[in-house]
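Below is one structure; the comments refer to it alone.
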Amino acid sequence: MLGSGKGSNLVAIAEACAAGEIPAVIAVVLSDAADAGILTQARARGLTAEFIPPGRFRTKLDEEAEQAFIGRLVAAEVDLVVLAGFMRILKGEFLRAFSQRVVNIHPSLLPAFPGLEAWQQALEYGVKVTGCTVHLVDQGIDSGPIIAQEAVPVLPGDTPAQLHERIQQAERRLYPQVVGALAEGKIVVNGRRTEWMK
Ligand code: GRF
């Protein structure tokens, strides 16, 4: 797993693995931020967790860092790369190394509100329903084939923080289910369309 933030999705997925709900193990947790909560949460659960310096750019990995991330994941023999709040855009080399095997969770019903602070965008736009989306990662920003979505209501008087928390609760339900289905080989991808074989 890769993340830059507090690690609530990591916790949900790690607990589902430990409970036998996901037939997989988290081989390694990597972050571009040395003090990220995701590393602390991973270590507290006995998982291998490492900080890899991202290099000289702000929104992407530099070439050396990209190679370091790829190398570490290859060494850990991962089948799937799960992004949870990883704040760097992954492109070319990385996606070629793990073609169709990188998934992300985004806090809106894509294709609405890609990019940063999607809950804030939804609130400002005035939608009544938003949610979260698990998708395969492609070269664009939050644009890959959609695997699953869960809707979340926007309630009168919601603050950004309240809406974000409600979306994150949905994320913690949805992401472990999708990772489990991927681990079981139940997700079939056909171009932009994906199907969940029950
Ligand atoms: C999630 O809200 C996810 O939608 C976004 O980043 C956040 C990560 O949260 N991409 P956490 O680090 O898993 O708590």
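Neighbour counts of other Cβ atoms within 10 Å put Ile89, Ile167 in the fewest-to-most order Ile89, Ile167. For Val129, Val103, the sequence from fewest to most other C-beta atoms within 10 Å is Val129, Val103.
Let me have the 222 nm mean residue ellipticity of the chain computed from DSSP H runs of 4+ only, each contributing -39500 (n - 2.57), with the sum over all residues rounded to the nearest 500.
Roughly -11000 deg cm²/dmol at 222 nm, from the helical runs in the chain.
Packing around the peptides 40-49, 185-194, taken as the average count of other Cβ atoms within 10 Å per residue, puts them in this order, highest first: 40-49, 185-194.
Placing pseudo-labels 7 Å out from each Cα toward the beta carbon at Ile141 and Lys186 gives an inter-label distance of 3.4 nm. Using Cβ point charges alone (K and R +1, D and E -1), the dipole size of the range 1-73 about the Cα centre works out to roughly 160 debye. Taking 7 Å steps out from each Cα toward its Cβ at Lys6 and Ala76 produces label points 2.2 nm apart. Normalising the Debye intensity of the range 93-198 to I(0), with uniform scatterers on Cα atoms only, and taking log10 at q = 0.10 Å⁻¹ returns -0.29. Only Cα pairs under 8 Å and 6+ residues apart enter the sum, and on that basis the relative contact order of the chain stands at 19 percent. Per-residue extension of 0.36 nm, minus the Cα-Cα distance of Lys198 and Arg101, leaves a gain of 32.9 nm for this segment. The alpha-carbon of Lys6 sits under 26 angstrom from the alpha-carbons of these lysines, leaving out residues fewer than 8 places away in its chain: Lys60, Lys91. Divided by 2.2 N^0.38 Å, where N counts the residues, the Cα radius of gyration of the chain comes to 0.98.
Computed from the coordinates by the stated procedures, all read-outs in this text should not be read as laboratory data. Not measured: the values here are computed from a predicted model. Because the Cβ atoms are built from the backbone with ideal geometry, glycine has one as well, and the counts that use them run over all protein chains shown.
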